[in-house]
Amino acid sequence: MAEQHGRVEQNVEPEFNDPSKQRIDEAARHIVAGLPFGSIDPRCTELWFADEKRDLPEPKLRFLLDYWLNLRETLGGLPGRKDIDILELRQAIGNIMMLEPLDDGFDARYRVYGTGIADYAGNDWTGQTVSELALKTGTPSALLYRACYLAAYRTCRPIYSEHVSAAWLSPKAWRRLILPYGRRESGCDGFMVGNIPVEPRAIGDGAAARSLIYRNR
């Protein structure tokens, strides 16, 4: 997947726009094709298939990716939910979400929402859908969220992304790793997602972060 650094000017906030299924489908196809992703969300600074490029910047995400890749290699295909042992994931457990795909991957419901994520997001979204979260928070990255999940659903491949949050949201940026799981005969039926809150380091004349630094978490 092609890499592209995003550039988001300060004090410029796009309005929330609930994406249609057509836009989500088009954006997911865009991601799968490896095309530049700035047109999906200018706040996105990184987006790629993690089984192509594995040098993730976060230790917890590297741990989760290695765990998933080892399962896939051992099983000879997509791991299922029963193959994931939560006890083996203790070092990253507070930053893990588990989601159930809905509507053929166009939406998903949070079944587990890690406490470390909830603390920074300001809410525990367990039981809510991705579309409901986007609507209630008014996030301008709604299309990015749903297109990434749809692309992972269709390809059964892990996707890594970084994006800068809207100015009124905290934390200021997120690093996200989507790891699909499911029955090998029927494809994806869930996602394990590692999600890390970070603070962007401004570079140059008002550009959004091209590198991201840790925040206490």
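The values are calculated or read from the model by the stated rules, or taken from the named source; none is laboratory data. All values derive from a computational prediction rather than experimental measurement. So basically every Cβ, Gly included, is an ideal-geometry build from the backbone, and we count neighbours across all protein chains shown. The accessibility values were calculated without ligands, DNA or RNA, using every heavy atom of the protein model including side chains. Shrake-Rupley method; radii C 1.70, N 1.55, O 1.52, S 1.80 Å.
Of the residues that make up the range 4-11, is at least one part of a loop (DSSP other than H, G, I, E, B), more than 16 Å from GLY194 (Cα to Cα) and either modelled with pLDDT of 95 or more or among the charged types (D, E, K, R) (or both)?
Scanning the range 4-11, I find at least one residue that is part of a loop (DSSP other than H, G, I, E, B), more than 16 Å from GLY194 (Cα to Cα) and either modelled with pLDDT of 95 or more or among the charged types (D, E, K, R) (or both), so the answer is yes.
List the number of the failed condition for GLY105; all other conditions in (1) touching a residue at least 24 places away in the same chain (Cβ under 8 Å); (2) surrounded by fewer than 17 Cβ atoms within 10 Å (Cβ to Cβ); (3) under 19 Å from LEU179 (Cα atoms) hold.
(2)
Considering only residues that are open to solvent by 30 Å² or more (accessible area, probe 1.4 Å), in contact with an Asp or Glu (Cβ under 9 Å, 6 or more places away or on another chain) and at pLDDT below 95, which ones fall in the range 43-62?
LYS53, ARG54, PRO57
Of the residues that make up the range 124-147, is at least one acidic (Asp, Glu), more than 30 Å from GLU185 (Cβ to Cβ), surrounded by fewer than 22 Cβ atoms within 10 Å (Cβ to Cβ) and at pLDDT 95 or above?
yes
Being of a type in the set (Asp, Glu), surrounded by fewer than 16 Cβ atoms within 10 Å (Cβ to Cβ) and free of Cβ contacts under 8 Å to residues at least 40 places away in the same chain, is that true of even one residue in the range 63-72?
There is at least one residue in the range 63-72 that is of a type in the set (Asp, Glu), surrounded by fewer than 16 Cβ atoms within 10 Å (Cβ to Cβ) and free of Cβ contacts under 8 Å to residues at least 40 places away in the same chain.
Of the numbered conditions (1) assigned to a strand (DSSP E or B); (2) modelled with pLDDT under 90; (3) of a type in the set (S, T, N, Q), SER161 satisfies every one except a single condition; which is it?
(2)
Any residue at all in the range 80-91 that's open to solvent by less than 30 Å² (accessible area, probe 1.4 Å), closer than 23 Å to LEU35 by Cβ and touching a Lys or Arg at 6+ places or on another chain (Cβ under 7 Å)?
No, the range 80-91 contains no residue that is open to solvent by less than 30 Å² (accessible area, probe 1.4 Å), closer than 23 Å to LEU35 by Cβ and touching a Lys or Arg at 6+ places or on another chain (Cβ under 7 Å).
List the strands (runs of 3 or more DSSP E) inside the range 168-217, counting only whole elements, that have at least 2 residues being at pLDDT 55 or above.
Where strands (runs of 3 or more DSSP E) fall fully within the range 168-217 and carry at least 2 residues being at pLDDT 55 or above, they are 173-183, 187-203.
Here are some residues: THR139, THR126. Which one is outside any helix (DSSP H, G or I), among the polar types (S, T, N, Q) and over 27 Å from ARG29 (Cβ atoms)?
THR126
Is it the case, given these coordinates, that ALA118 is modelled with pLDDT under 95 and either open to solvent by less than 70 Å² (accessible area, probe 1.4 Å) or under 21 Å from ARG146 (Cβ atoms) (or both)?
Yes.
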